[in-house]
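Asker: This is the structure, below, for whatever I ask next.
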């Protein structure tokens with residue numbers, strides 16, 4: 001433990017004093033303020049005259065104001081935080097010749113990677129929590145509503161999911177920094193994978209779905225074929241951490257949503273019944289809905305970290 | 001000189017897929033002595049040092065460092081052995097004190113103790129004046145001395161110095177050699193030094209080992225080696241002559 005805490009403290013102070021953290025934090029804070037401010041203004045207008053609105057506070061985070069909601073923004077740019085904090089974790093030290101010095105101290109070799117990962121996760125957590133708190137503050141002033149207990153819980157779970165989501169990318173970036181000797185290569189590889197998994201998987205999913213379970217638009221509507229098509233598409237898009245995260249967080253942050261599936265999959269009767277009972281889901285039920293996604297997300301993070309751990313332990317360190 | 005051995009290897013080998021880096025190496029270093037570890041580039045000296053530290057797994061044979069097996073108790077070995085790697089690196093935006101404090105932290109030292117030790121080793125290597133300068137602007141000689149300071153921080157029993165005088169100007173190199181000599185004498189630290197500056201090695205080593213192509217072709221005191229190669233002679237040979245003689249034979 002002595003090694004882990006030493007590396008952890010050093011890495012944490014490095015993160016907080018680095019320009020890249022300041023720039024990243026400024027960028028994210030700015031965008032979050034603007035989106036939630038827009039959402040706040042928008043909400044204020046649309047709630048005007050509504051007798052007893054529910055879960056107004058959470059709407060600050062999930063209302064698509066002018067461009068995108070806070071939740072969408074984190075899904076989109078969260079990975080970048082993880083990548084930026086981790087892409088040169090090991091190979092920079094290797095290049096500078098400091099890694100060999102560190103591992104020749106009386107510590108276990110895994111302390112280096114554990115300390116770095118934990119410091120990254122801490123940085124991410126501090127970033128997210130402070131942004132969520134500031135947005136909540138703005139919301140309090142703007143909307144004049146106080147969050148209820150359930151809303152606070154939902155926000156808390158949302159932040160937790162987000163931390164795991166970004167930690168997955170941190171772990172991946174650290175893995176690449178162990179794998180590739182060159183910092184530029186590991187950064188590019190991580191960004192390429194981010195773009196691929198976040199954007200191209202969902203695009204490719206619909207293409208593949210059309211190949212595997214085609215829907216003939218010429219014929220009369222075949223419900224079975226349409227449902228198959230959507231099932232395939234959804235299955236493939238589960239390979240994208242972004243859609244996992246979106247599925248997991250959407251239902252948590254929006255109690256009115258009752259399923260993580262898209263609304264397209266619902267039949268007309270379901271839609272009517274969902275429309276008739278416009279009541280929020282209790283927190284427990286929301287968790288039940290998103291539980292599988294959270295589990296996959298957490299296990300992805302752990303698997304990613306475990307692989308980096310193994311590679312690092314058997315790798316020979318000469319410089 | 002006592003006959004306790006701080007380093008002993010028995011048929012130590014390291015075989016890479018397409019090359020044998022270290023081939024059945026057996027040698028020993030006595031406690032309190034300075035052992036000059038010589039050989040051309042790529043002879044396997046650094047690999048040997050890494051194996052002695054437990055940083056890389058030997059393919060065969062075994063070793064004892066301070067009576068410990070580096071494969072099984074790498075952490076204990078690293079507690080007693082200070083290693084100065086070839087081309088040691090530093091965090092550019094830390095100053096000397098911060099660098100040393102990080103090393104102290106990694107060694108699990110208390111804050112007060114670390115402060116005291118930091119002052120002490122900075123004095124010892126002559127860097128007290130530059131203690132709050134960023135390491136990024138240090139000259140090569142200062143960096144090497146800071147490297148030695150980091151090694152000294154944990155009060156090692158043995159120091160492994162891999163090419164400590166590489167790239168230093170003659171004055172800097174001889175200063176560093178003097179420092180190593182005095183550390184050996186006053187603090188009773190055994191030293192395993194690999195270097196190409198044969199004159200300086202001759203000045204400080206009690207015995208030397210010559211490693212060529214993964215094998216130790218000769219080891220012992222310089223006088224003995226001279227006797228072996230040039231016959232009994234009163235003349236004192238320069239280490240360079242002996243080294244070249246061995247080198248030509250292989």
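Bear in mind these aren't lab numbers, they're just calculated from the coordinates by the rules spelled out. Quantities reported herein were computed from a predicted structural model and do not represent experimental measurements. Don't worry about glycine lacking a Cβ; one is built from the backbone with ideal geometry, like all the others, and counts go over all protein chains shown.
Asker: Just checking the output field for B:103-114: average partner chain Cβ neighbours within 10 Å of each residue's Cβ?
Answerer: Values: counts 4, 2, 8, 16, 6, 8, 2, 0, 0, 0, 0, 0.
Across B:103-114, the average partner-chain Cβ count within 10 Å equals 4.
Asker: With a ≥ b ≥ c the root eigenvalues of the C-alpha gyration tensor of the protein assembly as shown, is it rounded (a/c under 1.5), prolate (a/b larger than b/c) or oblate? If you can, show how the numbers build up before the last one.
Answerer: Details: a/c = 3.64, a/b = 2.36, b/c = 1.54.
The shape class here is prolate.
Asker: Now a separate question. Helix B:96-106 versus the longest principal axis of chain B: what angle, 0 to 90°, nearest 10, using Cα atoms?
Answerer: Between the helix axis and the principal axis of chain B, the angle is about 70 degrees.
Asker: If you count, for each residue, the other Cβ atoms within 10 Å and average over each peptide, how do B:63-69, A:187-193, A:11-17, A:312-318 line up from highest to lowest?
Answerer: Values: B:63-69: 19.3, A:187-193: 17.6, A:11-17: 15.7, A:312-318: 13.9.
Ranking the peptides B:63-69, A:187-193, A:11-17, A:312-318 by packing returns B:63-69, A:187-193, A:11-17, A:312-318.
Asker: Which residues in the range A:1-39 have a backbone N closer than 18 Å to a point placed 7 Å from the Cα of residue B:112 along the Cα-to-Cβ line?
Answerer: From the range A:1-39, the list is empty.
Asker: Using Cα pairs closer than 8 Å and at least 6 residues apart in sequence, work out the relative contact order for chain A, in percent. Kindly include the intermediate steps, with their values, before the conclusion.
Answerer: Numbers: 382 pairs, mean separation 74.7, N = 319.
The normalised contact order for chain A reaches 23 percent.
Asker: A further question on this structure: Checking the a/c ratio against 1.5 first, then a/b against b/c, what shape does the Cα gyration tensor give for the range B:1-42? Spell out each step's value before the answer.
Answerer: Values: a/c = 4.83, a/b = 2.01, b/c = 2.40.
Oblate, because a/c is 1.5 or more while a/b does not exceed b/c.
Asker: Next up: Just the number, please: percent antiparallel of the DSSP beta bridges in the protein assembly as shown, rounded to the nearest 5.
Answerer: Working: 20 of 37 bridges.
Looking only at bridges with both residues in the protein assembly as shown, the antiparallel portion is about 55 percent.
Asker: Quick check: from the Cα gyration tensor, does the range A:2-314 come out rounded (a/c under 1.5), prolate or oblate?
Answerer: Cα axes put the range A:2-314 in the oblate bin.
Asker: Taking the Cα centre of each part, how many Å lie between the range A:282-312 and the range A:199-256?
Answerer: 21 Å
Asker: Would you mind giving the mean number of other chain beta-carbons within 10 Å of the Cβ of each residue in A:102-113, as a whole number?
Answerer: Values: counts 4, 7, 16, 15, 12, 6, 2, 4, 0, 1, 1, 0.
Mean partner-chain Cβ count within 10 Å for A:102-113: 6.
Asker: Between residue A:310 and residue A:18, how high is the FRET efficiency from 1/(1 + (r/R0)^6) when r is the Cβ-Cβ distance and R₀ = 25 Å? Nearest 0.05. Please list the in-between numbers first.
Answerer: Numbers: r = 28 Å, r/R0 = 1.13.
So, using R0 = 25 Å, E works out to roughly 0.35.
Asker: In nm, to one decimal, how far is the modelled label at residue A:206 from the one at residue B:137, with both set 7 Å along Cα→Cβ?
Answerer: Between residue A:206 and residue B:137, the simple spin-label model gives 5.8 nm.
Asker: Please work out the Cα center distance from the range B:3-20 to the range A:13-31, rounded to the nearest Å.
Answerer: 48 Å
Asker: Turning to a different aspect of this structure: What whole-number distance in Å separates the alpha-carbon centres of the range B:98-150 and the range A:100-140?
Answerer: With the range B:98-150 and the range A:100-140 each reduced to a Cα centre, they are spaced 27 Å.
Asker: Related question: Most mobile of B:158, B:71, B:208 per a Gaussian network model of chain B (Cα springs, under 10 Å)?
Answerer: B:71
Asker: Okay, next question. With an 8 Å Cα cut-off and a minimum separation of 6 or more residues, compute the relative contact order for the range B:1-67 in percent.
Answerer: Details: 115 pairs, mean separation 29.1, N = 67.
Relative contact order comes out at 43 percent.
Asker: On to the next question. Quick one: if the Förster radius is 45 Å, what FRET efficiency do residue A:239 and residue A:126 give, using the C-beta to C-beta distance and rounding to 0.05? Mind dumping the intermediate values first?
Answerer: Values: r = 30 Å, r/R0 = 0.67.
For R0 = 45 Å, the calculated efficiency reads 0.90.
Asker: So the label point goes 7 Å from the Cα of residue B:171 along Cα→C-beta, right? Which residues of the range B:190-223 then have their backbone N under 19 Å from it?
Answerer: Only B:200 fall inside the zone, counting backbone N under 19 Å.
Asker: What does the structure give for B:46-59 when I average, per residue, the other chain Cβ atoms found within 10 Å of the residue Cβ?
Answerer: So the per-residue partner count for this stretch is 2.
Asker: If I take R0 = 60 Å and measure r between the Cβ atoms of residue A:152 and residue B:41 in this structure, what FRET efficiency does the formula 1/(1 + (r/R0)^6) give, to the nearest 0.05?
Answerer: 0.40
Asker: As a footprinting exposure proxy, order B:222, A:100 by other Cβ within 10 Å, with the fewest listed first. Don't skip to the end; give the middle numbers.
Answerer: On the way: B:222 19, A:100 22.
The order, fewest Cβ neighbours first, is B:222, A:100.
Asker: Further, regarding this structure: Relative contact order of chain B: what whole-number percent is it, with Cα pairs under 8 angstrom and at least 6 residues apart?
Answerer: This gives 25 percent for chain B.
Asker: Per the helix-only calculation at 222 nm, which mean residue ellipticity applies to the protein assembly as shown, given -39500 (n - 2.57) for every DSSP H run of n ≥ 4 and division by its residues, nearest 500 deg cm²/dmol? Don't skip to the answer; put the middle values down first.
Answerer: Details: 23 runs with 339 residues, N = 569.
One gets -19500 deg cm²/dmol as the mean residue ellipticity at 222 nm.
Asker: Next up: Among A:33, A:57, rank each residue by its count of other Cβ atoms within 10 Å, from fewest to most, as a rough exposure measure. Walk me through the numbers before you get to the answer.
Answerer: On the way: A:33 15, A:57 21.
Taking fewest neighbouring Cβ atoms as first place, the list is A:33, A:57.
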